[in-house]
1. How many residues are under 14 Å from residue 233 (Cα atoms), within 16 Å of the ligand (Cβ to nearest atom) and within 25 Å of the chain's Cα centre (by Cα) when one looks only at the range 183-215?
2. Just name the residue that is modelled with the highest pLDDT out of those in the range 365-396 that are on the phi < 0 side of the Ramachandran plot and out of contact with any strand residue (DSSP E or B) (no Cβ under 8 Å at 6 or more places or on another chain).
3. Return the total of residues in the range 287-312 being within 15 Å of the chain's Cα centre (by Cα), within 25 Å of residue 351 (Cα to Cα) and crowded, with 24+ Cβ neighbours inside 10 Å.
4. Would you mind finding the one in 414, 433 that is away from the ligand (no atom under 16 Å from the Cβ), modelled with pLDDT of 95 or more and touching a helix residue (DSSP H, G or I) at 6+ places or on another chain (Cβ under 9 Å)?
5. Pick out, from the range 63-122, the helices (runs of 4 or more DSSP H) lying fully within it that include 2 or more residues that are crowded, with 21+ Cβ neighbours inside 10 Å and either modelled with pLDDT under 95 or out of contact with any strand residue (DSSP E or B) (no Cβ under 9 Å at 6 or more places or on another chain) (or both).
6. Does at least one position in the range 337-356 carry a residue that is part of a helix (DSSP H, G or I) and under 30 Å from residue 103 (Cβ atoms)?
7. If a residue has to be surrounded by fewer than 22 Cβ atoms within 10 Å (Cβ to Cβ) and either touching a strand residue (DSSP E or B) at 6+ places or on another chain (Cβ under 8 Å) or in a helix (DSSP H, G or I) (or both) to count, how many in the range 192-218 make the cut?
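The values are calculated or read from the model by the stated rules, or taken from the named source; none is laboratory data. Here the structure is a predicted model, which is why all the values come from computation and not from measurement. Note that each Cβ is placed from the backbone with ideal geometry, even for glycine, and that neighbours are counted across all protein chains shown.
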Ligand code: JFZ
């Protein structure tokens, strides 16, 4: 950690040994004195990189609202923020929100069951909201009464139950902690760049110290919504974690590049070709927190495709569940976790402990991961027919289906860096398949003759809302004219999902019944081809 030049005199050594304890004590308050060799850093990141699949849990007082306040949906699907933002977005009065805490009594919460589900799904680490933006602590804290012990009838330290059970079941354990946004103790605002008060900084210091000294070993800390201006504060947060648990991995959203790995946007799988330690984060439906109106569940196949793609892109995948206010995982989540577990039972070797493809492009059928002697072809975009692998020049000795072990016919042209594999034209319905290529010697890749397919971005971040009148309805296309006069044309496609808000309740509609001159809210994701996601009648 601390390397001394060999020529250093004894006096200097003595002097250093005297000041080191001082530096150590000072860490918590000022500079981040973190010193770590490259080697120690990679060693510390090893389990995390091998893990590939994590479970994110958003749970707290907001869960009791289910995304709705006074009959209005404020969840993600209505173009608003995610359900855990309801205190801010619906501008819920403080006394009402405190009352909601008095109704937070998750009698069905069973940490053993949560971790069992995660284990069965092949999840290797978990990250639970210890404090989200609403400032509410799911743990016993001396820093504020706004916590599970003092503000709810439940009065059991949820964080303790969760950590103990993770330790018991040999699951890596993490905390999400909203260090910057705190709508109860700092500012009720979407973003606040003003300097933080000493009082608030002290609260964070106390809570972080509690989280890192009261519960035993913590493997990951997940800070959120960094504010660039708060460098000193971010350093304080990092230093507390480093001081009490130097092995703990800090996520990228601590801010100011103080984390151990990178997080990119929200609800997306990172693009191919990125280097370093990366984590992609994703919701199982639209919202992070529990939202009882949100039934935009991704299918099990879709989520498995993302896990597969994330691994090929050298990224961990942190998949979210928003438990119910009672403390259960919704059945839809459980079904998906079960399917993921079944898939990983067969294909885990192609995911865990692998390297992602270094190419910035992919193949039209998917991409690959590697480990010594093996190349795993993940067919997450395959629709039938033979496939070609570009960019691999190691001598391939064998090609098999990973699930059955059945051999496949292949040919290799090393000069053109091509491997051709015969596959049936008829694609059976069901699981994403992975093909195992075995090779002799070292992995050899030709970076100049790699794949050239640019995959569509996997993201849900860019949903936008348009409000206006419908006109010009022709078959599958229609226009929306906003009050400001802006004109949008939408085309319905196989991706179209929409529903109508009928007297405040949201019902699924199976036919397309947009009507001329009616007002609509349209939430869409402006990809290359706009995909209309939700259409809502305005009241
Ligand atoms: C944040 C939170 O506000 C949200 O409630 C949830 O906890 C999520 C995991 O993180 O939301 C963000 C943070 C960063 C981005 C987008 C949403 N981003 O970088 O695009």
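1. Counting residues in the range 183-215 that are under 14 Å from residue 233 (Cα atoms), within 16 Å of the ligand (Cβ to nearest atom) and within 25 Å of the chain's Cα centre (by Cα) gives 2.
2. Top of the filtered list is 372.
3. Result for the range 287-312: 6.
4. Just one listed residue meets the conditions, 433.
5. Helices (runs of 4 or more DSSP H) meeting the threshold: 94-102.
6. yes
7. 12
Yes/no per residue for (1) farther than 29 Å from residue 229 by Cβ; (2) touching a strand residue (DSSP E or B) at 6+ places or on another chain (Cβ under 6 Å):
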{"site": "240", "(1), (2)": "no, no"}
{"site": "251", "(1), (2)": "no, yes"}
{"site": "259", "(1), (2)": "no, yes"}
{"site": "264", "(1), (2)": "no, no"}
{"site": "268", "(1), (2)": "no, yes"}
{"site": "297", "(1), (2)": "yes, no"}
{"site": "307", "(1), (2)": "yes, yes"}
